[in-house]
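Reviewing the structure listed below.
Each value in this text was obtained by applying a stated rule to the coordinates, not by laboratory testing. All values reported here derive from a predicted model rather than from experimental measurement. Note that we place each Cβ from the backbone using ideal geometry, even for glycine, and neighbour counts take in every protein chain shown.
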Amino acid sequence: MSVTFRAGSMLGPPRSTPAFPITEIEMKLSISPEVLAMLVCPETGLALHLATTDELSHWTHETPFEGALLSEDGSKAYPVRNGFPVLIKAEALTKKNG
């Protein structure tokens, strides 16, 4: 199943923090919204959201990625490749300097 999400949209049930603004960027994730809502950061245990274009600009990785899931506190990011989130600690994105 392929579901279209808007970058920055809330994933899962409402949280105490506000949702990030929805942008014009859309990407297809190959998992259901229900499964996506259950995903958490493997390092911090915090909820994840689909990164906005602006948020993506702060992260890099040697392997190309089309999007990212960002932890609720913004400290960790994991790539989305071929529509699937890669939630493996060794594959986490690196924050750009500056």
> Counting only residues that are buried (at least 18 other Cβ atoms within 10 Å of the Cβ) and not in a strand (DSSP E or B), how many does segment 37-54 have?
Replying inline: 3
> Can you name the residue in segment 51-98 that is without any contact (Cβ under 8 Å) to a residue 40 or more places away in the chain and of a type in the set (Lys, Arg) and, of all such residues, is nearest to Pro33 (Cα to Cα)?
Replying inline: Arg81
>> Which count do you get for residues in segment 41-65 that are among the charged types (D, E, K, R) and in contact with a strand residue (DSSP E or B) (Cβ under 6 Å, 6 or more places away or on another chain)?
In response: 1
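Quick grid of which residues meet (1) surrounded by 19 or more Cβ atoms within 10 Å (Cβ to Cβ); (2) part of a loop (DSSP other than H, G, I, E, B); (3) over 13 Å from the mean Cα position of the chain (by Cα):
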position: Val35; (1), (2), (3): no, no, yes
position: Pro64; (1), (2), (3): no, yes, yes
position: Leu70; (1), (2), (3): yes, no, no
position: Tyr78; (1), (2), (3): yes, no, no
position: Ala90; (1), (2), (3): no, no, yes
